[in-house]
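Enquirer: Questions regarding the structure given below will be posed in turn.
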């Protein structure tokens, strides 16, 4: 996972510390996943978890996003935190403060039931702190797909606020 090559328009907003980026991913409970359905863009919000190497997602076995990802596993993912709308007396004074991570990568479908259960528990712990680790019955696992996003590159920007530790 490397940074995107190319010039940044607002270099002062760029966050390059990979430890900071990984901590943001480790706190995220919701991300937005963009994919391409033929020639049409498709964007969905999804719960997520970070295992230290992959962003983990889950979905029903059948549905549009799963069909799209089977045909084209390339995705762009966005995670944000500390969003604040700043109002002003004029439109020019209105802005937003934020921390955002955007990454491009490839989705793989987790097939091994033990790995699938482990990854689901990562998502559950991240989205629902305090919930005990679950043992998922085979019947439940057969109704769910777990997706691992392997990022090619990640970028992070912060405006008006510093990323939390």
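Here, each number is a calculation from the coordinates, and none is a lab measurement. Note that the coordinates shown come from a computational prediction; the quantities given were computed from them, not determined experimentally. Note: ideal-geometry Cβ built from the backbone for every residue, glycine included; neighbour counts use all protein chains shown.
Enquirer: Cα axis of helix 18-27 to longest principal axis of the chain: angle in degrees, 0 to 90, nearest 10?
Expert: Once rounded, one gets 60 degrees.
Enquirer: State, in angstrom, two size descriptors of the chain derived from its alpha carbons: Rg to one decimal place and Dmax to the nearest whole number.
Expert: 17.3, 58
Enquirer: Residue 140 to residue 39: FRET efficiency via 1/(1 + (r/R0)^6), r the Cβ-Cβ distance, R0 45 Å, to the nearest 0.05?
Expert: Calculated transfer efficiency: 0.80.
Enquirer: OK, next. Can you tell me the relative contact order of the chain? Whole percent, Cα pairs under 8 Å, sequence separation 6 or more.
Expert: 32
Enquirer: Describe numerically, in nm with one decimal, the distance between label points set 7 Å from Cα along Cα→Cβ at residue 71 and at residue 150.
Expert: Each label point is offset 7 Å from its Cα along the Cβ direction, giving 2.4 nm.
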